[in-house]
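Below you'll find the structure, written out as structure tokens, and then a few comments.
The values are calculated or read from the model by the stated rules, or taken from the named source; none is laboratory data. Being a predicted model, the structure only gives us computed values, none of them experimental. Here the Cβ is made from the backbone with ideal geometry for all residues, glycine too, and neighbour counts use every protein chain on show. To get the accessible areas, we keep the full protein, side chains included, count just its heavy atoms, and leave off ligands, DNA and RNA. Shrake-Rupley method; radii C 1.70, N 1.55, O 1.52, S 1.80 Å.
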Amino acid sequence: MTRNPQLNKHGELIHLLSIEGLPRAVLHNILDTAGTFLSVNDREVKKVPLLRGKSVFNLFFENSTRTRTTFEIAAKRLSADVINLDIAKSSAAKGESLLDTIANLSAMHADMFVVRHSESGAPYLIAQHCAPHVHVVNAGDGRHAHPTQGLLDMYTIRHYKQDFTKLTVAVVGDIVHSRVARSDINALTTLGVPEIRAVGPKTLVPSDLKEMGVRVCHDMVEGIKGADVIIMLRLQNERMSGAMLPSAGEFFKNYGLTQEKLAHAKPDAIVMHPGPINRGVEIDSSVADGRQSVILPQVTFGIAVRMAVMSTIAGNNA
């Protein structure tokens, strides 16, 4: 059996590339550690010295504001030196290969790479070729995975619902293009959620989900009926080719979350969204801003979770 490239020989996390294949204990450890960092946000001096003297390079080969910003805040709160590379103007835009870019940055004494890339698997490639002391965090690769978003979603669910083993969770919308959906489903499965539902039109729900024990629903009301947690996904128009949707208006009519549809979930159901939100497409403003929405707390929790991930992997040797 091949060893998970994210773990060292002691089973400790040295890279975070995907939630898939990680033991439940590792996920719980990150969530518990994130809980200890939440109070840092409330301090007058929002810093702890855990990464003092370490250099964290943010390598975003794909656009992102929220994820890059929260990683930068998290690293600075851990007292790391943070270097943001503008990839569009860097050597990569001049034709330098990904691995040459990494080799040159490693020569600048990088300790950690936070990588977002449009190609699935790019963070794995970097982890295979960087020096043993360098850690890699996947901040989203292609359609494959977005593990820190998955973990902050799990933190949010645990914060509001406590026990994963009693929940019904519905993931709604453009699942086929969503790396967040894959990470969430892997995490929910590992943490013992008994009923996971994938809700969306046939063109946007992958056929292999049933093999993972996920219940596929093409009717919105059926999909969210009695749910404790509803995770709405953004329509990934930039990753769609051809006519996968009749129109945004048609999608909202059938799969947009409105107060009327939300009434079919449990009265205390929470509504989540990884952002950015397309109001009036995936979700109605009255729901996004309503009492059951936990979309803004997700962002706050995201900083603590990313602090937990970076401090955990930096504390473990290859």
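Observations on the model:
- Meets criteria (over 13 Å from A308 (Cα atoms), open to solvent by 40 Å² or more (accessible area, probe 1.4 Å) and β-branched (V, I, T)) for T36: no
- All of (1) under 21 Å from P147 (Cα atoms); (2) of a type in the set (S, T, N, Q); (3) touching a residue at least 12 places away in the same chain (Cβ under 8 Å); (4) not in a helix (DSSP H, G or I) hold for T67 with one exception: (4).
- Checked against the criterion of being modelled with pLDDT of 95 or more and not small (G, A, S), segment 125-132 contains not a single residue that satisfies it.
- Residue match in segment 242-256 (condition: in contact with a strand residue (DSSP E or B) (Cβ under 8 Å, 6 or more places away or on another chain) and of a type outside the set (S, T, N, Q)): yes
- Annotation: P246 fulfils all but one of (1) modelled with pLDDT of 95 or more; (2) surrounded by fewer than 16 Cβ atoms within 10 Å (Cβ to Cβ); (3) outside any helix (DSSP H, G or I); the unmet one is (1).
- Considering segment 207-225, the residues that are crowded, with 19+ Cβ neighbours inside 10 Å and not small (G, A, S) include one that is modelled with the lowest pLDDT, namely L209.
- From the options N41, N29, N4, N8, residue that is closer than 25 Å to A107 by Cβ and open to solvent by less than 80 Å² (accessible area, probe 1.4 Å): N8
- A count restricted to segment 48-72 and to residues that are among the small types (G, A, S) and open to solvent by 40 Å² or more (accessible area, probe 1.4 Å) stands at 1.
- Of the residues screened, D228 is one that is modelled with pLDDT of 95 or more, within 24 Å of S183 (Cα to Cα) and of a type in the set (D, E, K, R).
- Filter pass, G275 being within 30 Å of E72 (Cα to Cα) and either in a loop (DSSP other than H, G, I, E, B) or without any contact (Cβ under 8 Å) to a residue 24 or more places away in the chain (or both): yes
- The single condition among (1) of a type in the set (D, E, K, R); (2) more than 22 Å from the chain's Cα centre (by Cα); (3) surrounded by fewer than 16 Cβ atoms within 10 Å (Cβ to Cβ); (4) closer than 25 Å to Q128 by Cα that R24 does not satisfy is (2).
- Only one of the listed residues (S311, S286) is touching a residue at least 12 places away in the same chain (Cβ under 8 Å), open to solvent by 20 Å² or more (accessible area, probe 1.4 Å) and under 25 Å from V137 (Cα atoms). That residue is S311.
- Checking R52 against (1) outside any strand (DSSP E or B); (2) within 22 Å of the chain's Cα centre (by Cα), the condition it does not meet: (2)
One line per residue, one yes/no per condition, for (1) in contact with a strand residue (DSSP E or B) (Cβ under 9 Å, 6 or more places away or on another chain); (2) closer than 20 Å to I14 by Cβ; (3) surrounded by 23 or more Cβ atoms within 10 Å (Cβ to Cβ):
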position: H109; (1), (2), (3): yes, yes, no
position: P123; (1), (2), (3): yes, yes, yes
position: H129; (1), (2), (3): no, yes, no
position: H135; (1), (2), (3): yes, yes, yes
position: H144; (1), (2), (3): yes, yes, no
position: Y160; (1), (2), (3): yes, no, no
